[in-house]
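Just below is one structure, and these are the notes that go with it.
The values are calculated or read from the model by the stated rules, or taken from the named source; none is laboratory data. Remember, predicted model here, so these are calculated numbers, not experimental data. All Cβ positions, even for glycine, are placed from backbone atoms using ideal geometry, and neighbour counts span all protein chains on display. With ligands, DNA and RNA removed, areas are computed over all heavy atoms of the protein, side chains included. Shrake-Rupley method; radii C 1.70, N 1.55, O 1.52, S 1.80 Å.
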Amino acid sequence: MFELLLCSLLTVFPDYLYRRYAQGKRIGREITLFTVWYELRWGITACLLLTVSLITLVFYYHPSTKNVTAIFRTVTILPETVGRVAEVFVGVNSKVRTGDPLFRLDSSEQEAAHETAQRQIDETVAETAVAQTELAAADGLIQQAQGAYQQALDELATRQELLRRNADVSVREVERLQITADGRKGTRDAAVANKRTIETKLSSLLPAQKASAEAALKQAQVELDKTLVRAGVAGTVQQFTLRRGDVVNTMIRPAGILVPEGAGRARLVAGFGQIEAQVMKKGMIAEATCIGMPFTIIPMVVTEVQDVIAAGQLRPTDQLLDVGQIVQGGSLTVFLEPLFPGQLDGLPPGSSCIANAYTNNHDALAAQDIGTSRWVFLHVVDTVAIVHAMILRMQAIMLPVQTLVLGGH
């Protein structure tokens, strides 16, 4: 309607003034419903064509959308394991800080595993003390075996010398002493090998067993810590109705939702039509008005334009996709941030808004090689942005009225 009135001021209205005052025709006599169309047909036709052109120009180069939301992300409260709730520390709408405990699951099994791992460490420490005692005993056995072996060698040497001198010594007795010496040598070697075994046990086996037990203790501690669910971020707990005895499942039954602080207060997410894909650019100036902040125009800037349309995404399944099943076309996702800090602080996250984006041709107009026709066209494009800006301000005024009065209760 605003565009039609504007275009009529350039076409129909001057034609009417000429008929009324230049030609002296009067309303109700020479100017009737029939003569209005017949005499002003060229002006009316030009008005309609100009109106359509103006609307197309405004809405294409300065796009508008009502699909604007202060989107915020929530964090699902889930434990890392399935279990039964043993204790609850917070309630609904509670404010929590990062690391605050939310609830605790029954940890009997994890505590038993932790105790078992601790006992394994204690057992390894005790085995180390015993092995050190065995090492001292092994040293004594080696000395004893070495003494017995040396004694057998001395007796064998004496008998061999007497046999060489043809004394009253039999060959059989010398052979017996040789066998005795060899046996005691084996005993000594066995004692030495036993000492090496104990030393290897002290240096390698028992430390490895202790390290394994300590790793098992750490794993048990990790599993025990998983039973205490803490807040990953600061925020507000929502839909948290857990009670002692409830079973929480990581797949099908979350415990609640945590809304992080500041979520949805930094940017707006808008969905523009796909036809605006060639117009929407990063850095464009935009404006928004939100139902959560009535009678307020928020200056914005386009910080990012998503380069894909979400409606066309494909997920692999066991069935081929029929493109005809995509019945609804998607929108071009655009991220808007306030031009000045703090302008979205009073806006509740999730609020619905209306946004306009404005094409800026300042750089193109400043080019040296620009033609006259293009210069005029770009000036027209930048000028008609005021039409959309005025429409947005009228929407900001009418939005509370439509919601509170015309919307009904």
Cut-off under 23 Å on the C-alpha distance; same-chain residues fewer than 8 positions from residue 226 excluded. Which lysines are left, in chain and number order? 95, 218
What aspartates and glutamates could a cross-link reach from residue 195, if we take a straight Cα to Cα line under 18 Å and drop same-chain neighbours fewer than 8 places away? 127, 134, 139
Before I look further, what does the chain give for accessible area per residue, probe 1.4 Å, in whole square angstrom? 63 Å²
Within straight-line cross-link reach of residue 281, lysines at Cα separation under 25 Å, skipping those fewer than 8 residues along the same chain: 66
Total charge dipole magnitude, segment 292-409, about the Cα centre, Cβ charges on Lys, Arg, Asp, Glu only, Debye to nearest 20: 380 debye
Angle in degrees between helix 171-200 and the longest Cα principal axis of the chain, rounded to the nearest 10: 20 degrees
Expressed in angstrom and rounded, the centroid-to-centroid distance over alpha carbons for segment 381-401 and segment 286-336 is 22 Å
Have a look at 103, 211, 46 and report the one farthest towards the positive end of the charge dipole of the chain, computed about the Cα centre with Cβ charges (Lys/Arg +1, Asp/Glu -1). 46
Percent accessible area from carbon and sulfur atoms, the chain, protein chains only, probe 1.4 Å: 57 percent
Option label - Cα extents along the principal axes in Å computed here, alternatives [x] 85, 47, 43; [y] 172, 64, 41; [z] 173, 60, 46: [z]
